[in-house]
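To start, the structure itself, in structure tokens.
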Amino acid sequence: MRVSGSALVLGDDINADLLYPARYMGITQPERQAAHALSGLGPEWPARLAGHAVLVAGENLGGGSAREEAVTALLGAGVRLVVARGFSRLFFRNCINNGLPALACAGLPALDSGTPVTADLAEGWIEAGGARLAVPALPPELLGIIQGGGLLARLRA
Amino acid sequence: MTTLSEQILSRAAGRPLRAGDMAEVTPDHCFVPDDTIALLMHHLERAGVTRLPHPERLGVFYDHFAPAETVEHATAHAEGRRFLKRHGVSRLFEVGEGISHQICVEQGLVRPGELAFNADSHTTTLGAIGCFGTGLGATETAYVWATGRIWLRVPTTIRVVLEGALAPGVAAKDICLALLRLVGPAGATYRALEFQGGAVAALSVAQRMTLCNMAVELGAKAALVPPDSAWPRVSPDAVYEREIVLDLSALEPMAALPGRVAPIADFGAPEIHQAFLGTCTNGRIEDLREAAAILAGRRLAPGVRMLVTPASRAVQSAALREGVLATLLEAGCVLTPPGCGACAGLHMGLLGDGERCVSSGSRNAPGRMGSRAADILLASPATVAASAVAGRLTDPRLLMESPA
Ligand code: SF4
């Protein structure tokens, strides 16, 4: 499974409060959540995200709250891949279970926003800024959940 | 033999598990707070789920926006009530009953050795009584409500050895902040913490809850204090990934801003405008007593407001009976209904531009309690009270030494 797109680059320790402030919880449609995606970083960030199918971050992306809107708002905004040096446990689970590919890449180099990024989840590599980096491939169980369209798709099957 | 997490998760999976194993587990409980109830119902409906197989394992807490402050949230509460009735889920904790994690321990909803999920990250709090508690997102919560099961990876464990005794004026919160400084906000990601050592026996349930609560601020999946007299037990040959030894007698009152955790003296006594005493981290009767001991016979500094939000109705009742509430109110505090209160900036007690709050909570991201241009300093209940009296971030020991 291969995904590519233009990257929006964030720093380290971008937690769930910054990705999606609690006051917008209760909105159930990802397309409507998208208006608030990244808004904890400042009011200009939801617009900045537009046109970027890849979110790139540093260490510990998505720490703190369990709120999955931090993930689904990204999906609603058109993000199709998240790459970070490291993920919080809940953010990572919410990505997988909502069908958003998430790859951890400890040695990810510093990138500029707008850089094209391609990743292969099963083969375990990321291509960005002219270099190809090996990353741990997603375990088949988790890849299966993503390819099936998320955990809840199993209930409908 | 195995870690506490391995013992509990093996029972929940029905087969022996070791750290690193991926397994399907059957939790004893799966809860959801009100900030996720709308999304949970939406997911179940969209997935075509019409029957919940184990309503007795489920439970809902109206704590984050209770009483509701918007029509949208009031509607989520109302639809939630109807939904739970239809599905035979009897455990609904209403507006004013308190925060989920507090109620779970205080009312004995969860027991040592059990596995409990809750769509809230601070579910690690339940480890205070030896229950493996961890957070889930709304989608996976819906999956557990529909099937009774979920996938999980068994975490490796960091053994945290606590030695010595806390000095007067130093609290469990200061242990958490010292650990946060030592380990960092991601240092325990995907791991469990196990608290051991000579100091643990002397820690109250309230203190243990504070320790386990803030484990998630280090990224931990769960935190466990071995129960005093129940299974699971610490095994001498369990394998730990890492050991951290902390001498409690060397600790002093601490505070935290985003990315900065340090002893109070290092902050240079910044002025504060709001003090907040409450939350699942530090809103228990023990915390209110500590604040009252400092506020007794004193007044809040001019221009400072202090909000007191009991973590549960039982905490509020105890504070009323013991005269703690009278002390707090006479000092000038504002009492709010039990629940999450100002913690997540959802209703009541928001911060304005340029303001600074000292809070007994666990999170301080810019904008969490209102304005992005406001600072949230995390500290112990005693520090919150001392700072409210002085009008600046203040070491509580200064006010303890000099009688009011
Ligand atoms: S008190 Fe704060 S941290 Fe605890 S559950 Fe409520 S909002 Fe979350």
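The values are calculated or read from the model by the stated rules, or taken from the named source; none is laboratory data. None of the values given here were measured: they were computed from a predicted structure. Note: ideal-geometry Cβ built from the backbone for every residue, glycine included; neighbour counts use all protein chains shown. Protein only, heavy atoms only, side chains kept; ligands, DNA and RNA dropped before computing areas. Shrake-Rupley method; radii C 1.70, N 1.55, O 1.52, S 1.80 Å.
Any residue in region B:91-116 that is within 14 Å of chain A (Cβ to nearest Cβ) sitting within a Cβ distance under 7 Å of a residue that is more than 15 Å from the ligand (Cβ to nearest atom) and charged (D, E, K, R)? List the pairs, counting only those 6 or more apart or interchain.
Filtered contacts from region B:91-116: B:Ala116/B:Asp28.
Checking the structure you have, find out if any residue of region A:50-66 is at pLDDT 95 or above, surrounded by 24 or more Cβ atoms within 10 Å (Cβ to Cβ), within 16 Å of the ligand (Cβ to nearest atom) and part of a helix (DSSP H, G or I).
No: region A:50-66 contains no residue that is at pLDDT 95 or above, surrounded by 24 or more Cβ atoms within 10 Å (Cβ to Cβ), within 16 Å of the ligand (Cβ to nearest atom) and part of a helix (DSSP H, G or I).
Checking the condition in a loop (DSSP other than H, G, I, E, B) and open to solvent by less than 10 Å² (accessible area, probe 1.4 Å), which residue from B:Ala238, B:Ala256, B:Ala220 passes? So that I can check it myself, show each step before the final result.
On the way: B:Ala238 fails: open to solvent by less than 10 Å² (accessible area, probe 1.4 Å); B:Ala256 fails: in a loop (DSSP other than H, G, I, E, B).
Residue meeting the stated conditions: B:Ala220.
Given the options B:Leu398, B:Leu378, B:Leu350, name the one that is free of Cβ contacts under 8 Å to residues at least 24 places away in the same chain and within 14 Å of another protein chain (Cβ to nearest Cβ).
B:Leu350
In this structure, does A:Arg67 turn out to be over 21 Å from B:Gly345 (Cβ atoms) and at the interface with chain B (Cβ under 10 Å from one of its Cβ atoms)?
Taking the combined requirement at face value, the residue does not satisfy it.
With respect to the numbered conditions (1) under 19 Å from B:Met209 (Cβ atoms); (2) not in a helix (DSSP H, G or I), which one is the sole condition not fulfilled by B:Ala262?
Of (1) under 19 Å from B:Met209 (Cβ atoms); (2) not in a helix (DSSP H, G or I), only one is false for B:Ala262: (1).
Go through region B:1-28 and report how many residues are in a helix (DSSP H, G or I), open to solvent by less than 50 Å² (accessible area, probe 1.4 Å) and within 16 Å of B:Gly127 (Cβ to Cβ).
Residues of region B:1-28 in a helix (DSSP H, G or I): B:4-13.
From what's left, open to solvent by less than 50 Å² (accessible area, probe 1.4 Å): B:4-10, B:12-13.
Then drop every residue that is not within 16 Å of B:Gly127 (Cβ to Cβ), which leaves B:4-9, B:12.
Matching residues across region B:1-28 total 7.
Please count how many residues of region B:307-323 are under 16 Å from B:Val389 (Cβ atoms) and either near the ligand (Cβ under 10 Å from one of its atoms) or open to solvent by 10 Å² or more (accessible area, probe 1.4 Å) (or both). Show your work before the answer.
First, the residues of region B:307-323 that are under 16 Å from B:Val389 (Cβ atoms): B:307-308.
Narrowing further to those that are either near the ligand (Cβ under 10 Å from one of its atoms) or open to solvent by 10 Å² or more (accessible area, probe 1.4 Å) (or both): B:307.
Residues flagged as under 16 Å from B:Val389 (Cβ atoms) and either near the ligand (Cβ under 10 Å from one of its atoms) or open to solvent by 10 Å² or more (accessible area, probe 1.4 Å) (or both) within region B:307-323 amount to 1.
So, of the residues in region B:333-350 that are in a loop (DSSP other than H, G, I, E, B), open to solvent by less than 30 Å² (accessible area, probe 1.4 Å) and not aliphatic (A, V, I, L, M), which turns out to be nearest to the ligand (Cβ to nearest atom)?
Applying the filter and picking the extreme gives B:Cys340.
Hey, can you tell me all the residues within region B:351-379 that are among the hydroxyl-bearing types (Ser, Thr, Tyr) and within 12 Å of the ligand (Cβ to nearest atom)?
If we filter region B:351-379 for residues that are among the hydroxyl-bearing types (Ser, Thr, Tyr), which is where we start, we get B:359-360, B:362, B:371.
Listed by number, the residues that qualify are B:Ser359, B:Ser360, B:Ser362.
Are there any pairs, at least 6 apart or on different chains, whose C-beta atoms fall under 7 Å, with the first in region B:296-319 and in contact (Cβ under 8 Å) with a residue 60 or more places away in the chain and in a strand (DSSP E or B) and the second acidic (Asp, Glu) and surrounded by fewer than 23 Cβ atoms within 10 Å (Cβ to Cβ), and if so, which?
B:Ser312/B:Glu97; B:Ser312/B:Glu106
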